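Reading through the structure tokens given below for one structure.
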């Protein structure tokens, strides 16, 4: 079931309200909520005189590229996040580019499956939290899946190619 995020502006302050598919959005001062955003977009809002501007944190600073193949051999590799210390941070940071200098856009945990499309040194361009991802492009393309980002490959364990 899809979940939607709505922004509520009250006295210049932004607040988020989450609703599952089929629920109606709340009403504030007789107005239905605006700015429905589908997860995994973590939205932050800048309030200017009662107007909110959504800023989507899943935008990448460095795009992920899938190199085209012959349509029969997979163009990505499935991996599982593993080896994270449950007594430490307990997460693998997802970043907007291949390096710690890029902003964090999310987190992955031990056992989560990712699809690696591009490798830049120790950094992997991945798609995550998807039931199914096609890995057979015949032409080189930019990966546009909403659940995408860069992770350090030290914490990825290959599953299959």
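Quick look at the numbers
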{"read-out": "Normalised contact order of segment 65-160, rounded percent, pairs of Cα under 8 Å and 6 or more residues apart", "value": "41 percent"}
{"read-out": "Relative packing of 67-74, 135-142, which averages over residues the other C-beta atoms within 10 Å, highest first", "value": "135-142, 67-74"}
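None of the figures in this text is laboratory data; all of them are computed from the coordinates on show. Keep in mind the model is a prediction, meaning the values are calculated, not measured. Quick reminder, even Gly has a Cβ in these numbers, built from the backbone with ideal geometry, and neighbours come from all protein chains shown.
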